[in-house]
Amino acid sequence: MAGHSDSSSSEKKSSEAMNDVLVFSAENMQNNTKVIYYSRTFMSIIGGVIAGILGFTGFMGFVFYFLVMAITSIGLIAKAKFSVHSYFDSWNRIILDGFMGGLMSFVLFWTFAYDIVHIF
Amino acid sequence: MAEDLVLDTAIRDWVLIPLSVVMVLIGILRYFVSKLMRSFQTPDPKIVKEGHFLFCRQVIVRARNLRAAANFITPKSFRSRRVYFSNEENGLLFVPKGQAQNLQAQMFSDPNMAMDMMKKNLSMIIPQTLTFAWVNFFFSGFVAAKIPFPLTQRFRSMLQNGIDLSTVDVSYVSSRSWYFLNLFGLRGLFSLILGEENATDDTQRMMQMSGFGFDPSKSLSAEKDGLDIVQHEWALPKFEHRAEAVLKKLVS
């Protein structure tokens, strides 16, 4: 919950929609990137715990991770009111940023929850 | 070969959870220690030697700003600024080859800065080494956890180092691999708890360390090239139209 309330209050406009010249406010962009990172980390931790409790193994678990990441991306895009270019500088940032780091956290919490629930 | 081992619940209580808790606490401790050490460092009177390095840093920042905002100043002023930076004789960004080598040698032989880097490195490596030794000493020789996804046989030697049975499924790992899993996975958690991404991310730090040595000469010439490439297009005349469009949208 903390992660979501963070992102709701602090995504700021980082560029003005101009015809020819694009201006980026670096500080706001950095803030937005941080918000994306926090949201992804939080969601991957929660996703890991859920995957472990539900007993996903092997391939299903990774599919679940991609699902969680996709949901996070869609949530972020919806929060940016679908005008991605006024908040970030490229599509890749909002979709792929923080993917790998989130994967490690996901695997850790997935293993943890799976062990505690199923092999306890 | 997928028999389900039944593992003792005492392993959960006394291995997995304490190891994770200890690593989280050590990470928090390291964060606070690095914060304290940073506040102790008084500004150094030896700024002369570091001054050259900082000066290069600032010049790079200025050149970068100029490149980013080039279209907002008149063509003449942009050109004069560009000449100031990349002039052949005394431009700030122009570093003759001989001097470049000198800078690097100077950087590495400066004892003060070397000690700084060493201190930062040590504060990262020592807790990791100690914890690893502790894990190896106390928690070896038994199966600690089961990872939920299957791996090939090649990982067996890496993940199961304390277990000497070769027929056990590779998913059943020893506590050493639980340590490594924690090491990588808790980075995300630390960045959530401790505010911003800080000293717990060792790979970023190491890249920064190796970047220091080459900082002056290569990045200066890179900035100079970037500045030379910029094509200036003055955007201000169009701003009146833009302001008109925006105001129209607001009013209507």
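The values are calculated or read from the model by the stated rules, or taken from the named source; none is laboratory data. Everything numeric in this text was worked out from a predicted model, so none of it was measured. Glycine also receives a Cβ, built like all others from the backbone with ideal geometry; neighbour counts cover every protein chain displayed. Note: areas computed on protein heavy atoms with side chains; ligands, DNA, RNA excluded. Shrake-Rupley method; radii C 1.70, N 1.55, O 1.52, S 1.80 Å.
Confirm whether A:Ile74 is without any contact (Cβ under 8 Å) to a residue 12 or more places away in the chain, within 15 Å of the chain's Cα centre (by Cα) and open to solvent by 10 Å² or more (accessible area, probe 1.4 Å). Judged against the criteria, A:Ile74 is a match. Look at the range B:57-74: where a residue is within 12 Å of B:Ser219 (Cα to Cα) and a partner is surrounded by 16 or more Cβ atoms within 10 Å (Cβ to Cβ), sitting 6+ places away or on another chain with Cβ atoms under 6 Å, you get B:Val59/B:Leu92; B:Ile60/B:Ser219; B:Ile60/B:Glu223; B:Ala63/B:Phe85; B:Ala63/B:Glu223; B:Ala63/B:Leu227. Close contacts from the range B:145-164, counting a first residue that is over 17 Å from A:Gly58 (Cα atoms) and a second that is aromatic (Phe, Trp, Tyr) and part of a loop (DSSP other than H, G, I, E, B), with Cβ to Cβ under 9 Å and a gap of 6+ residues or different chains, come to B:Gly162/B:Phe139; B:Gly162/B:Phe142; B:Ile163/B:Phe142.
Right, A:Gly75: of a type outside the set (S, T, N, Q), out of contact with any Cys (no Cβ under 8 Å at 6 or more places or on another chain) and over 29 Å from B:Ser174 (Cβ atoms) or not? In short, yes.
Of the set (1) at pLDDT below 85; (2) more than 20 Å from the chain's Cα centre (by Cα); (3) assigned to a helix (DSSP H, G or I), all apply to A:Val21 but (3). Quick check on B:Ile163: is it open to solvent by 10 Å² or more (accessible area, probe 1.4 Å), away from chain A (no Cβ under 14 Å), closer than 25 Å to A:Val117 by Cβ and modelled with pLDDT of 70 or more? Judged against the criteria, B:Ile163 is a match. Criterion first (more than 8 Å from chain B (Cβ to nearest Cβ) and not hydroxyl-bearing (Ser, Thr, Tyr)) does A:Leu108 satisfy it? The answer is no for A:Leu108.
Kindly indicate whether A:Leu67 is away from chain B (no Cβ under 13 Å), closer than 27 Å to B:Trp178 by Cα and either surrounded by fewer than 18 Cβ atoms within 10 Å (Cβ to Cβ) or modelled with pLDDT under 85 (or both). For A:Leu67, the condition - away from chain B (no Cβ under 13 Å), closer than 27 Å to B:Trp178 by Cα and either surrounded by fewer than 18 Cβ atoms within 10 Å (Cβ to Cβ) or modelled with pLDDT under 85 (or both) - is met.
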